[in-house]
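See below for the structure under consideration.
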Amino acid sequence: YSRGGDGSDDTKHGRVLDKDNENATLTIIRDKLRQHNKPTNVVIFNGHDDDGRTLSIEQQFQIFRKAHTFIGPHGSGLGGNYLWMDPFATKCQERTQLLEFMPGPENPEIHALYAHYYGNIRKWPLDYHSLLYTKKSNYYKTYIDLTYLTDALDAMWGTPETLNQTTT
């Protein structure tokens with residue numbers, strides 16, 4: 001999920017991930033998907049289709065129902081769409097993963113301190129994870145620590161066999 005640094009009228013509250021940080025994040029995600037033998041089709045959701053039109057509720061449902069992982073910043077795009085994810089895993093290893101980026105004590109001006117959806121998500125059969133924005137973040141532009149991202153993805157997707165592999 002991208003809050004979009006593209007000037008979208010749908011993003012009204014800042015908290016846009018720095019473009020270079022977002023690109024590095026996507027590279028790490030793709031590498032970790034391969035390392036951990038997960039499906040490698042990454043969909044970058046910003047609420048719009050390729051022509052810039054707002055996606056219908058049905059289209060959003062289809063995207064999120066098929067997803068095994070949802071990664072992105074705290075906001076209505078995350079909070080409004082995790083509901084569509086498949087809650088019917090037959091094994092713990094198949095549970096949907098959710099990784100939320102959120103403000104912490106180093107940057108409370110970004111949003112309410114520790115603003116998150118855990119209070120709601122904890123009632124769902126999803127595995128919830130979070131990363132705090134770095135000290136460099138502000139209301140308009142946010143950053144996540146890429147080392148912590150790597151650790152989070154390993155915790156979410158890793159198995160003893162895949163954790164010992166390296167990506168190229």
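From the cross-link list K66/K91; K19/K136; K32/K66; K38/K136; K32/K123, which pairs have alpha carbons spaced over 23 Å apart? Please list the in-between numbers first.
Details: K66/K91 16 Å; K19/K136 14 Å; K32/K66 19 Å; K38/K136 32 Å; K32/K123 28 Å.
Check vs 23 Å cut-off fails for K38/K136; K32/K123.
Quick check: residue separation of E109 and F61 times 0.36 nm, minus the Cα distance between them. What number comes out in nm?
Details: separation 48, 0.36 × 48 = 17.28 nm, distance 3.22 nm.
Difference between extended and current length: 14.1 nm.
How far, in nm, would the chain grow between L163 and L26 when pulled straight, counting 0.36 nm per residue and subtracting the alpha carbon separation? Display every interim value, and only then the final one.
On the way: separation 137, 0.36 × 137 = 49.32 nm, distance 1.92 nm.
This chain segment gains 47.4 nm when fully extended.
Can you compute the modelled spin-label distance between V43 and K136, with each label point 7 Å from Cα toward Cβ, in nm?
3.1
In a GNM of the chain with a 10 Å cut-off on Cα contacts, which of R30, R122, R15 has the highest mean-square fluctuation?
R122
Probe radius 1.4 Å, ligands and nucleic acids left out: which of Y139, Y1 has the largest accessible area, and how do the rest follow?
Ranking Y139, Y1 by accessible area, largest first, yields Y139, Y1.
Which of the peptides 50-60, 147-157, 88-98, 64-74 is most tightly packed, and how do the rest follow, judged by the mean count of other Cβ atoms within 10 Å per residue?
Values: 50-60: 10.3, 147-157: 16.4, 88-98: 12.9, 64-74: 19.8.
Top of the packing list down: 64-74, 147-157, 88-98, 50-60.
Of (1) 23, 20, 16; (2) 25, 15, 15; (3) 29, 19, 14, which one was derived for semi-axes √(5λ) of the Cα gyration tensor in Å from the structure shown?
After the calculation, the listed value that fits is (1).
Can you pull the percent of region 24-168's accessible area that's carbon plus sulfur, 1.4 Å probe, other chains left in place?
Details: 4320 of 8320 Å².
Solvent-exposed carbon and sulfur of region 24-168 make up 52 percent of the total.
Compute the distance from the alpha-carbon center of region 109-161 to that of region 55-82, in whole Å.
16
The values are calculated or read from the model by the stated rules, or taken from the named source; none is laboratory data. Since the model is a prediction, treat every value here as computed from it, not as a measurement. So basically every Cβ, Gly included, is an ideal-geometry build from the backbone, and we count neighbours across all protein chains shown. Surface areas here come from the heavy atoms of the whole protein model, side chains and all, with no ligands, DNA or RNA. Shrake-Rupley method; radii C 1.70, N 1.55, O 1.52, S 1.80 Å.
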